Structures are given as C-alpha cells and as structure tokens.
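S.K.: Have a look at this one.
Here, each number is a calculation from the coordinates, and none is a lab measurement. Predicted, not measured: the structure shown is a model, and the values here were computed from it. Quick reminder, even Gly has a Cβ in these numbers, built from the backbone with ideal geometry, and neighbours come from all protein chains shown.
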Amino acid sequence: MPTPIIDAQVHAYAADTPDRPWAGAPNWPAHVTGDEMVAAMDAVGVDGAILISAFSIYRYDASYAVEVRNAHPGRFALVKPVDPSDPAAAETIAAWKETDGTVGTRILMNHESSRGPDDPGFAVIVRESARLGLPVNLLCWGRLDAGMALIDRYPGTFFILDHMGLLQPHAPPAPPEPFAELPKVLELARRENAVIKISGACTLSHAGYPYPDIWDPLARIFDAWGIERCLWGTDWTRTAAHLSYAQGVDPFQLTDRLTESERAVLMGGACAKVYGWAPRVRGRSSGNPN
C-alpha cells in the first residue's frame, strides 16, 4: 500500500461576509472553502492535509476549520492557534483535545512579539498541550532565537517548527538572503523534542518555478534533521501570491534530489507519524479514528 501524501499545512476559509467576517485582510484569494481545498488536493493527488485554522482570517476562532473537517473527515486533521492572553487557555485546550480531528495546538510567537520564552501564557499552552499529548506547532519566524529558547525551556513538550523557522514573504520577491538564518535552523536540529515543517519553501526561491535554487539549502536541513523529522507542506493559501497549489506540490513530486523512499517520508510518512493521523481516501484507512 503506498504511503498517503499529506500536506502538513493548508488553510481554508469562507468569503468575507457579515455572517462570517474576516478579522484581517491578507492578500489571499477571496475564498478557499473546504470543498475548494479538497478539489485542489484531488487535482494533484494529495490525499490529506493538516488544516491549520487561519489566524490571518479568524484569529483564535477555529470554528470554520472544524466545519471543514467535519464535512471532509477523511481528508483533514486540525490544528488551532491558542491565545496566550486567554485566562481560560487550559480549558480551551482541553475542549480542543475533545474536538473530532484534533491533532495539535499552535503558538504564534511572531504575532505575540511582546512575549518572551518565559511568558506565563505560553507556559500554559505548552504544558497543557504536553499533558494532553498534543504537539505544539510553533511559528517563530523573525523571532527564531526566542523560538529556540522556548523549545529549550520545555524539553518535555514536542514542538513542530513551522516554515523551517525562516521568515517568508507574503508576496514576491523572495528576500535577498532567504536562508540567512539557516545555521540556526541546523543547530536547532539537535533538539530531540522538535521536528521541522518544510513548508512554504518555494516562496524563498529567486529562480521561479520549479524553484531549483531551494534544493541545496533544503538538503542541508534534511541532512541535519534527518528526513524522518521533516514534514513537507505548501502553506497554501498563505503562499497564493507566489504560486498555485499545484506549483507548491509538483516540484517535490518531480525533483531528482529525493529518492522515492525519501519522498514518501517527506511528503506523508513523517507527518502521519508525528501527528498520529493519516487520511482516509481511495480505500486507504486512517491510522487514527480521530
């Protein structure tokens, strides 16, 4: 049985309407509903995805992501950002754990720039997630040192480093030195309580599709972390100003820089193991009934 292809990070959201208003206005498509996300995945053979509730659209409200997952229970698992200023954060995480499809929580250090690794709000999220067996997805681009310190502060919590820890543009072009902090990312690989998402990588290319200039730095990440600790993801639709969904998938499917066994681990096997979940699609069975 082939390893399912799992995208480690996608977003879905409805159009901005009075019934479901946006909290922000990112340069994303006017809507990418759950049905539209599934259609995009089907078009390129992606079996399932980790659906990250879109902070740019809904802030800490994950209700739309839950609706999408419930409409497509075999295709999506769920991660929710948790508000460190919420006095009921522990109760929020406990309720989230009981939500069908839940596989993790998320900390957004970049949006909480006044909070350091010793922040008590972060402590609640990290400790409660660990207690309930939920990995913490950590977005700390632009604050990689603070993110590393948070990971070090809580060795008993399992972290998933979003977007390789590297600051990524919301629109072209790529930064002049997109991999400038790569040495820190490589050093972070020594932390046994962390894995890394190879998500949004195509937005760091200067060469354009199919992004040949990303492979040398990615190879250094694979070597340092081990391919079994690397989770491929598109971060679509955050990357929509740069590329189509297919353009975020095809380069990893077609490159000769990966062996077939490495591709299977990177594009699904590692994700399934880390989150304890696999999609139910085309006759495959999920590894987790949730």
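S.K.: What is the chain's relative contact order, in percent, from Cα pairs under 8 angstrom and six or more apart in sequence? Provide the component values of the computation, followed by the final result.
M.R.: Details: 548 pairs, mean separation 60.6, N = 290.
Reported as a whole number, the value is 21 percent.
S.K.: Can you tell me the dipole magnitude for the chain around its Cα centre, using point charges on the Cβ only (Lys, Arg +1; Asp, Glu -1), in Debye to the nearest 20?
M.R.: The calculation lands at about 480 debye.
S.K.: Per the Cauchy relation, a quarter of the hull surface: what is the mean projected area of the convex hull of the alpha carbons in the range 153-290, in nm²?
M.R.: 9.2
S.K.: Next question, about the same structure. Among the aspartates and glutamates, which have Cα under 12 Å from the Cα of Lys80 when same-chain residues fewer than 8 positions away are ignored?
M.R.: Counting by Cα, and skipping residues close in sequence, Lys80 has these aspartates and glutamates nearby: Asp61.
S.K.: Calculate one ³J(HN,Hα) per residue across the range 44-49 by plugging θ = phi - 60° into the Karplus curve 6.51 cos²θ - 1.76 cosθ + 1.60, and present them in order as whole Hz with x for glycine and proline.
M.R.: Couplings: 10, x, 8, 7, x, 7 Hz.
S.K.: Compute the label zone of Ala246 within the range 188-217: residues whose backbone N is under 14 Å from the point 7 Å along Cα-to-Cβ.
M.R.: Once the point is set 7 Å along Cα→Cβ of Ala246, 210 turn out to lie under 14 Å by backbone N, inside the range 188-217.
S.K.: Turning to a different aspect of this structure: Near the amide H of Arg106, under 5 Å away, which other amide H atoms are found, from residues 5 or more places off or on another chain, if H is placed in the peptide plane?
M.R.: Lys80, Val82, Asn137
S.K.: Now, a different point. Test of understanding: what is the full-extension gain from Ala123 to Gln253, defined as 0.36 nm times their sequence separation minus their Cα-Cα distance? If you can, show how the numbers build up before the last one.
M.R.: On the way: separation 130, 0.36 × 130 = 46.80 nm, distance 3.86 nm.
So the chain would gain 42.9 nm between Ala123 and Gln253.
S.K.: If R0 is 35 Å, what FRET efficiency do you get for Ser114 and His206 from their C-beta distance, rounded to 0.05? Before the final figure, lay out the partial values.
M.R.: Working: r = 33 Å, r/R0 = 0.95.
Calculated transfer efficiency: 0.55.
S.K.: Would you list Arg220, Arg238 from fewest to most Cβ contacts within 10 Å?
M.R.: Ordered by Cβ neighbours within 10 Å, fewest first: Arg220, Arg238.
S.K.: To make sure I understand the rule: partners must be aspartates and glutamates, Cα under 12 Å from the Cα of Lys97, and not fewer than 8 residues away in the same chain. Which ones qualify?
M.R.: Glu128
S.K.: Now for a different question. Quickly estimate the mean residue ellipticity at 222 nm for the chain, helices only: each DSSP H run with n ≥ 4 gives -39500 (n - 2.57), and the total goes over all residues, rounded to 500.
M.R.: On the way: 11 runs with 94 residues, N = 290.
The helix-only estimate for the chain comes to -9000 deg cm²/dmol at 222 nm.
S.K.: Subtract the Cα-Cα distance of Ala71 and Ala39 from 0.36 nm times their separation in residues, and report this length gain in nm to one decimal.
M.R.: Contour length minus Cα-Cα distance gives 10.2 nm.
S.K.: Give me the aspartates and glutamates in straight-line cross-link reach of Lys273: C-alpha distance below 12 Å, same-chain residues under 8 apart excluded.
M.R.: Answer for Lys273, where 12 Å is the Cα cut-off: Glu228, listed by chain and number.
S.K.: Once Lys and Arg get +1 and Asp and Glu get -1 on their Cβ, which of Val274, Thr234, Gly248 lies farthest toward the positive end of the dipole of the range 216-281?
M.R.: So the residue furthest toward the plus end is Val274.
S.K.: Another question about this same structure. Taking the beta-carbon count within 10 Å as an exposure proxy, list Ile221, Ile227, Ile52 from fewest neighbours to most.
M.R.: Numbers: Ile221 23, Ile227 19, Ile52 27.
Ranked by crowding around the Cβ, least crowded first: Ile227, Ile221, Ile52.
S.K.: Still on this model: Taking a virtual spin label 7 Å from the Cα of Lys97 along the C-beta vector, which residues in the range 112-146 bring their backbone nitrogen under 19 Å of it?
M.R.: Answer for this model: 121-138.
S.K.: Moving to a separate point now. Taking amide H positions as placed 1.01 Å from N in the peptide plane, with prolines and chain starts having none, which residues 5 or more places from Trp236, or on another chain, fall under 5 Å of its amide H?
M.R.: His11
S.K.: In whole Hz, what ³J(HN,Hα) sequence does the range 230-244 give by Karplus (6.51, -1.76, 1.60; θ = phi - 60°), x for Gly and Pro?
M.R.: Here the 3J(HN,Hα) series is 10, 10, 6, x, 8, 6, 7, 9, 4, 8, 5, 6, 9, 7, 7 Hz.
S.K.: Something else: Collect residues whose amide H, placed 1.01 Å from N in the peptide plane, falls under 5 Å from the amide H of Val46; neighbours closer than 5 in sequence don't count.
M.R.: Those qualifying (amide H under 5 Å, at least 5 residues apart or on another chain) number zero.
S.K.: With each pseudo-label sitting 7 Å past Cα toward Cβ, what's the Ala219-Leu132 distance in nm, one decimal?
M.R.: A separation of 4.3 nm, rounded to one decimal place.
S.K.: One-quarter of the Cα convex hull surface for the range 6-275, in nm²?
M.R.: 13.0
S.K.: Kindly state, to the nearest 0.05, the FRET efficiency for Asp152 paired with Ser63, given R0 = 45 Å and r defined as their beta-carbon distance.
M.R.: Values: r = 34 Å, r/R0 = 0.75.
Here the calculated transfer efficiency is 0.85.
S.K.: ³J(HN,Hα) across the range 81-94 via Karplus (A = 6.51, B = -1.76, C = 1.60, θ = phi - 60°), whole Hz, x for Gly/Pro?
M.R.: Karplus-based 3J(HN,Hα) across the range 81-94 equals x, 10, 7, x, 8, 6, x, 9, 4, 4, 5, 4, 5, 4 Hz.
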